[in-house]
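K.L.:
Pasting in a structure now, in structure tokens, and then I'll have a few things to ask.
FYI, it's all coordinate maths here, none of it is from the lab. A quick note: this is a predicted structure, and the numbers were derived from the prediction, not measured. As a convention, Cβ positions derive from the backbone with ideal geometry for all residues, glycine included, and neighbour counts pool all protein chains shown.
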Amino acid sequence: MDSLKITKPVVFGVIGGALIIGVAIFLVSDREEEEEFLVDVTPPIEIPVEEPVETASEVIGSSVLGREIEVYRFQPGEEKHVVFVGGIHGGYEWNTVLLAYEFIDYLDDNPDFIPEGVSVSIIPSANPDGVEMVVGQTGRFSPVDVPPIEETTSGRFNANGVDLNRNFDCNWAPESTWRGEVVSAGEEAFSEPEARVIRDFVENSKPDAVIFWHSAAGAVFGSECNDGILPNTLGIMNAYADASGYPAVPSFDFYEITGDVEGWLASIGIASITVELTTHNDLEWDKNLAGARAVLTYFVGVK
Ligand SMILES: [Zn+2]
């Protein structure tokens, strides 16, 4: 009995060890065979993968509610620099956000569209909280997801209820107007993070011109801040208007506006126009593509 007590585990141990080694050898050899099999039979064919062309975006700040504000750059570092901005009036003018994204995609696919010597930056959605209020999302979205825009101010303001296009430092006042209505212009010029994002981007990159897409007054407006319209503002206003078919309006006289971004740009010597689409739900793509092209071409050779 004693010898059995000793021998049994030894025997089982030996058998067990042999089994483990056997299985291990089997697995290793099987894997080797498999690898050989794969190497032998699978030809080294490279399947061409079409890389989606996508311009890198850069986050340049965020909204009151922390949503990112991005810029897309094309041909950076050229002598002239033109900036396009969509959606400063948020979801109320969501078509300008989609127009900006459409323009980004178009430039990705058609890099030759931009003349040599000109850089383009696009800020597609300058008031993402306002877009979220109407569309329920930000970034690229489908127009079919957007409820019809009634004649309301819904989504026009930022999350603090401020009209961002009254929050800049040109004749700023705490209250301003939009059509017949009084609107908040913030606690001081640049009190709103979205306005500071544009200010800082402009001050850092010193563009030659900034074009703002709005809707839906159907015209191209010049800009000024007390000192008259800049020659290049007049130049790009006429170029955009002639190419797009929107009428040119050198100065906005329908009601008094204070603290608008275009006026602030004029005050620091940067040309700026407001392009108002004619509806709230159409990109008016061909018109605006022609207008954008005319502005970029305008800057070729301009000193
Ligand atoms: Zn607007």
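K.L.:
Answer rounded, prolate or oblate for the range 57-298, using the Cα gyration tensor with square roots of eigenvalues a ≥ b ≥ c: rounded when a/c is under 1.5, else prolate when a/b is larger than b/c, else oblate. Write out the running numbers ahead of the final one.
P.N.:
Details: a/c = 1.31, a/b = 1.13, b/c = 1.17.
Rounded, because the longest to shortest axis ratio a/c is under 1.5.
K.L.:
So what J values fall out for the range 182-194 if you push phi through Karplus, 6.51 cos²θ - 1.76 cosθ + 1.60 with θ = phi - 60°, rounded to Hz, Gly and Pro as x?
P.N.:
Working through the residues one at a time gives 7, 10, 6, 10, x, 7, 6, 4, 6, 6, 9, x, 5 Hz.
K.L.:
Can you pull the one-decimal nm distance between simple spin-label points at E116 and D286, each 7 Å off the Cα toward Cβ?
P.N.:
About 3.1 nm separates the two model spin labels.
K.L.:
How much length would be gained if the chain were fully extended between E181 and I268, taking 0.36 nm per residue of separation minus their Cα-Cα distance, in nm to one decimal?
P.N.:
Working: separation 87, 0.36 × 87 = 31.32 nm, distance 2.86 nm.
This chain segment gains 28.5 nm when fully extended.
K.L.:
Can I ask one more? How much length, in nm to one decimal, is gained on full extension between E78 and R196, taken as 0.36 nm per residue of separation minus their Cα-Cα distance?
P.N.:
Numbers: separation 118, 0.36 × 118 = 42.48 nm, distance 2.48 nm.
Gain in length upon complete extension: 40.0 nm.
K.L.:
I need the GluC sites (Glu not before Pro) found in the range 146-206, filtered to DSSP loop residues with at most 10 other beta carbons within 10 Å of theirs.
P.N.:
Working: sites: E150, E151, E175, E181, E187, E188, E194, E203; in loops: E150, E151, E187, E188.
Answer by residue number: E150, E151.
K.L.:
Could you list V202, V197, V97 so that the one with the fewest beta carbons within 10 Å of its beta carbon is first and the one with the most is last?
P.N.:
Values: V202 18, V197 23, V97 29.
Ascending number of Cβ neighbours within 10 Å: V202, V197, V97.
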